[in-house]
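Here, each number is a calculation from the coordinates, and none is a lab measurement. From a predicted model like this one, the values you see are computed outputs, not experimental measurements. Cβ sites come from the backbone with ideal geometry, for glycine too, and all protein chains shown count toward neighbours.
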Amino acid sequence: MFFVYVLKSVKTGRHYKGQTNNLVGRIKRHNNGLEKFTSKELPWELVFYTSKESRSEAMKLERKLKNFKSSNRLELWIESEISSGRGSRIAP
């Protein structure tokens, strides 16, 4: 099982999109400053996650999210996924 997730910086409001097979561990790494790309905008909060059966499916969705040109479009997509039951804000 793989997870696609979106974090939001409490400090700056910026979003980070990623995929992993260990969601809880990955979020801890981000918030402990162990990931170079996210270390300067601590702390991060999980705003969305969904699961995929394969890494290739997770990577495909991650790429789609990274291609959204605005935070507004990303947030609308997240709300749509949550309201349809295809995603959540609460970590497993």
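Exactly one residue among Gly85, Gly33 is out of contact with any helix residue (DSSP H, G or I) (no Cβ under 9 Å at 6 or more places or on another chain) and exposed (fewer than 15 other Cβ atoms within 10 Å of the Cβ), and that residue is Gly85.
I'd like the residue in the range 1-17 that is aliphatic (A, V, I, L, M) and touching a Phe, Trp or Tyr at 6+ places or on another chain (Cβ under 8 Å) and, out of all such residues, is surrounded by the fewest Cβ atoms within 10 Å (Cβ to Cβ).
Val10
Across the range 11-63, the number of residues qualifying as without any contact (Cβ under 8 Å) to a residue 40 or more places away in the chain, of a type in the set (A, V, I, L, M, F, W, C) and in a helix (DSSP H, G or I) comes to 1.
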